[in-house]
2 protein chains.
Amino acid sequence: MVDKKKKRRVVVASGTFDLLHLGHVRFLEEAKRAGGKDAELIVIVARDSTVKARKGKTPVMPEDQRRALVESLKVVDEAILGLEDFSIEKVIEKIEPDVIAVGHDQDGIEKEVMKATKEKKINIQVVKIGRFGKRELDSSSKIMRKIVEHFNR
Amino acid sequence: MVDKKKKRRVVVASGTFDLLHLGHVRFLEEAKRAGGKDAELIVIVARDSTVKARKGKTPVMPEDQRRALVESLKVVDEAILGLEDFSIEKVIEKIEPDVIAVGHDQDGIEKEVMKATKEKKINIQVVKIGRFGKRELDSSSKIMRKIVEHFNR
């Protein structure tokens with residue numbers, strides 16, 4: 001068995017993080033906790049082009065601002081922009097995470113991780129993070145709807 | 001002269017922080033820097049009722065979420081909700097800050113601080129923080145306008 005240097009476990013979480021809200025922060029906090037004490041949290045922030053290709057429209061906040069805002073959170077050690085052609089396989093190759101945290105609305109990513117770890121015969125823990133509370137403003141699209149109602153009143 | 005225990009200089013900044021964006025973070029970072037190395041940054045987040053009374057409408061995000069989100073920023077040591085009847089005088093009495101940071105759109109607060117420090121004959125440094133960049137999305141109202149345009153398209 002190869003001796004591994006004792007190092008911090010690396011947790012990877014990803015998302016768009018458009019209109020940052022408390023649900024995002026709680027998601028990231030729980031993701032980091034999944035890596036145990038002293039884990040390192042690396043967040044991959046989706047590029048505008050990736051979001052456009054996947055959801056049909058560009059985020060409100062541009063990618064560099066979304067990335068910088070996420071990195072300014074206490075819980076985040078590093079935030080990086082995703083690759084233009086984002087794939088969880090490439091993330092695994094590049095970052096070699098110990099844990100990948102998957103949000104309640106990221107089932108697709110979960111399947112991709114399962115497939116990649118099986119193919120590569122590597123061991124990565126996939127942690128599914130629940131939705132936070134049943135509050136009204138825990139998703140960017142709900143926040144946008146509220147803003148639009150606000151303006152049209 | 002009374003001997004003061006050597007302690008971290010306390011900087012106070014305040015605001016609504018509705019729809020948190022990078023302009024807010026840069027404002028808080030510069031505010032903290034104004035307190036010198038190892039300063040402590042306390043942020044007063046305006047209550048919904050105060051914003052309603054001053055600006056005529058309630059923020060999109062409720063006060064407890066705005067406060068918690070601000071406190072989750074690396075640069076912030078503590079975020080507290082303001083008093084219902086917010087006045088900079090009471091802030092000065094309660095927190096005894098060394099520095100009060102004032103944003104580009106907070107001229108009212110600057111005058112209040114000047115008046116209070118003069119009356120009480122205390123020495124508080126008032127630091128005016130400039131606007132960040134000439135970017136498009138450095139204010140909550142601009143972000144809201146963009147969202148509304150987005151939806152009505």
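Results for (1) within 14 Å of another protein chain (Cβ to nearest Cβ); (2) within 21 Å of A:Ser72 (Cβ to Cβ); (3) touching a Cys at 6+ places or on another chain (Cβ under 8 Å), shown as yes or no for each residue.
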site: B:Arg9; (1), (2), (3): no, no, no
site: B:Leu20; (1), (2), (3): yes, yes, no
site: B:Val25; (1), (2), (3): yes, yes, no
site: B:Glu30; (1), (2), (3): yes, yes, no
site: B:Arg33; (1), (2), (3): no, yes, no
site: B:Ile42; (1), (2), (3): no, yes, no
site: B:Val45; (1), (2), (3): yes, yes, no
site: B:Thr50; (1), (2), (3): no, no, no
site: B:Thr58; (1), (2), (3): yes, no, no
Task: Count of the range A:69-85 residues which are of a type in the set (D, E, K, R) and over 14 Å from the mean Cα position of the chain (by Cα) - done: 3
Open item on the list: Against the definition (buried (at least 18 other Cβ atoms within 10 Å of the Cβ) and in a strand (DSSP E or B)), how does A:Ile100 come out, yes or no?
Closed with: yes
Task: Residue in the range B:114-123 that is modelled with pLDDT of 90 or more and of a type outside the set (Ser, Thr, Tyr) present - done: no
Open item on the list: Restricting to the range A:7-62, give me the number of residues that are part of a helix (DSSP H, G or I), among the aliphatic types (A, V, I, L, M) and surrounded by 19 or more Cβ atoms within 10 Å (Cβ to Cβ).
Closed with: 5
TODO: Out of the residues in the range B:63-83 that are in a helix (DSSP H, G or I) and over 19 Å from B:Arg8 (Cα atoms), state the one that is farthest from the other protein chains (Cβ to nearest Cβ).
DONE: B:Glu63
- [ ] Out of the residues in the range A:84-97 that are assigned to a loop (DSSP other than H, G, I, E, B) and surrounded by fewer than 14 Cβ atoms within 10 Å (Cβ to Cβ), state the one that is modelled with the highest pLDDT.
- [x] A:Glu96
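The values are calculated or read from the model by the stated rules, or taken from the named source; none is laboratory data. Treat the numbers as computed from the prediction; the structure is a model and nothing was measured. A quick note on method: Cβ atoms are made from the backbone with ideal geometry, for glycine too, and the neighbour counts reach across all protein chains shown.
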